[in-house]
Each structure stands twice: as C-alpha cells, then as structure tokens.
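Below: one structure, written as structure tokens.
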C-alpha cells in the first residue's frame with residue numbers, strides 16, 4: 001500500500017498552495033475535502049461560515065465526506081489529502097498540521113478573494129475566521145469526540161506564518177522521509193516571529209556557545225513549546241530558541257509539551273527582534 005500524507009491546518013495556512021508543491025515534487029495525486037465543502041456551500045447558496053454552522057445540526061453532510069475519507073485507506077495510490085479529518089479516518093497517513101496566526105490567516109483569506117469567505121475589513125475577517133475555527137472545533141468534538149485543534153494528533157506541525165510555501169514543503173518532505181523509516185515522529189517547526197518567550201534575561205555565555213554550535217551545524221538542546229489558543233509559548237530552551245532566531249533560521253525545531261506557561265510575562269519574539 002502506497003503512503004499517504006494528510007494535510008490539516010488553520011484557515012489560510014496555505015494548505016492548497018503547499019499541496020500543489022508536494023504533488024509536483026512527490027508525484028502524488030490530490031484529494032481535497034475543502035473543495036467539496038465549498039461546492040456544497042455554493043449549491044446551497046451559503047457562505048462557508050454559514051455552512052459550517054448549518055453542519056453543526058446536519059451531520060449527514062459530514063458523514064458523506066467521512067465515508068470518502070475512509071475509502072481512501074484501501075486505495076493503492078500515493079495521495080496528498082487536504083482534509084481536517086483525514087488523519088482520523090484514513091489509515092496510516094503521515095499526518096501534518098499547518099498553523100498560522102489569526103491575522104495572517106485573515107489576510108491570506110482576503111487576498112485569496114474566495115466568495116463568501118471574507119469580509120470587507122481585516123478586523124471583521126479576523127472575527128469571521130475565529131468564528132469558523134470555533135464552529136469547526138465544536139462540530140468535530142460533538143460528532144466524533146475529537147479536538148481537531150489538539151496538535152498532539154499530528155506527527156508534524158509546521159508554522160506557516162512567516163515561511164514561504166516552498167520552505168514549508170521542504171520541511172514536510174524531509175520529515176516525511178524520516179517518518180517512512182521510523183513511522184513514529186512527533187515534531188514541530190515554529191517560525192521565530194511566532195513564538196512567545198518568558199520576559200527573562202538569557203544566559204549570554206550559553207547563548208554565545210549555542211550560536212557557535214549552530215554555525216557548525218551541531219544540534220542544539222531541545223526547545224519545548226506549549227500551544228494554547230493558537231499561540232506558541234516557550235516552556236524551556238530559551239537560549240536555543242534565541243540562537244535559531246539570531247541565525248535567521250526559517251524555523252525553530254521544537255517539541256510540543258503539555259506544560260502550561262508560567263505566570264511570568266511573555267514577549268512575542270516578533271516584537272523584540
């Protein structure tokens with residue numbers, strides 16, 4: 001049976017664009033439930049947001065989509081599956097989640113100019129985007145007991161907020177090759193601008209040492225990160241995170257943990273660079 005990559009993610013996180021790159025570079029075929037949902041909304045003369053709310057009390061639409069995802073499990077084809085729930089219904093996929101912050105998400109949705117998916121202003125589009133996220137989360141939790149926003153469900157999390165689609169695709173492909181050998185990886189790659197870190201002074205000597213190691217291509221001590229309400233908070237590994245940031249790295253390699261952020265103040269790295 002050929003491998004399959006399931007691609008879930010935040011609204012406006014670049015799933016379609018990244019899928020196009022993966023299809024071309026890996027020679028895979030494409031399956032998208034997002035396109036199916038947009039077609040259903042258009043046929044019912046609804047916006048996608050209105051359809052999401054409608055689907056909260058009309059599970060027959062989800063069941064039709066879910067049956068299609070289940071059927072992919074037995075399909076002997078290399079697929080890129082753009083779907084919120086393929087990781088759950090399609091067996092044995094390399095499960096990827098693309099994350100982006102809410103304002104970037106809204107801007108991309110506006111720029112894509114899909115009918116019925118955005119408002120006239122950024123502020124209102126942010127509000128609509130947040131409402132869609134909550135509606136989807138509620139629907140999947142009610143119907144399946146699954147929290148689609150729980151990033152522990154996925155083998156790989158890639159933050160697309162400040163990365164190009166090509167950089168995201170490169171990260172997915174390299175992680176996919178690792179996964180094919182081990183079948184058990186759990187990793188996250190966060191763009192430096194996205195991360196919140198404690199408002200404390202780093203150890204200057206340690207930061208200098210780790211920066212030198214990074215220049216030499218050496219691995220750094222792990223960066224542990226907690227995701228809460230769509231934001232990423234540094235739990236430990238401050239000097240490592242700063243070394244990656246100072247080196248202008250595209251991503252900070254991280255491990256997601258359940259530890260809650262401390263009560264100390266947090267600063268978003270974007271605001272301090």
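Read the figures in this text as sums done on the coordinates, not as results from a lab. Given the structure is predicted, the values throughout are model-derived calculations rather than measurements. A quick note on method: Cβ atoms are made from the backbone with ideal geometry, for glycine too, and the neighbour counts reach across all protein chains shown.
Ordered by the count of other Cβ atoms within 10 Å of each Cβ, fewest first, 84, 139, 268, 35 give 35, 268, 139, 84. Just need log10 I(q)/I(0) for the range 196-271 at q = 0.11, 0.26 Å⁻¹, Debye formula, equal scatterers on the alpha-carbon atoms, no solvent, rounded to two decimals. Each listed q corresponds, in turn, to -0.26, -1.34.
Remark on the range 1-151: ratio of C-alpha radius of gyration to 2.2 N^0.38 Å is 1.02. Averaging the sequence gap over all C-alpha pairs within less than 8 Å and six or more residues apart, then dividing by the number of residues, gives the chain a relative contact order of 19 percent. Averaging sequence separations of C-alpha pairs under 8 Å and six or more residues apart, then dividing by the length of the range 196-271, give the relative contact order as a whole percent. This gives 41 percent for the range 196-271. The equivalent ellipsoid that matches the C-alpha gyration tensor of the range 12-69 spans semi-axes of 26, 13, 9 angstrom, in descending order. Using every Cα-Cα pair within the range 1-45, state what percent have a distance larger than 13 Å. Within the range 1-45, distances greater than 13 Å cover 63 percent of Cα pairs. Within the P(r) computed for the range 105-211, what percentage of the Cα pairs occupies the region above 22 Å? For the range 105-211, the share of Cα pairs beyond 22 Å comes to 58 percent. The residues 182, 4, when put in order of fewest to most other Cβ atoms within 10 Å, stand as 182, 4.
Counted over the range 127-273, the DSSP beta bridges are approximately 60% antiparallel.
Spatially, the range 61-111 and the range 115-163 are offset by 13 Å when compared through their Cα centroids.
When each of the peptides 124-130, 166-172 is scored by how many other beta carbons lie within 10 Å of its residues on average, the order from highest to lowest is 166-172, 124-130. When the chain is treated as a Gaussian network with alpha carbon springs shorter than 10 Å, the biggest mean-square fluctuation among 13, 208, 187 belongs to 208. Note on the range 224-262 and the range 1-55: Cα centroid distance 28 Å, given to the nearest whole angstrom. Helix 122-144 axis versus longest C-alpha principal axis of the chain: approximately 70°, rounded to the nearest ten.
When the alpha carbon coordinates of the range 125-176 are projected onto the principal axes, the ranges are 35, 27, 11 Å, largest first.
Write down, largest first, the equivalent ellipsoid semi-axes of the chain in whole Å, where each equals the square root of 5 times an eigenvalue of the alpha-carbon gyration tensor. Show your work: numbers first, answer last.
Working: eigenvalues 217, 101, 53 Å².
They are 33, 22, 16 Å, listed largest first.
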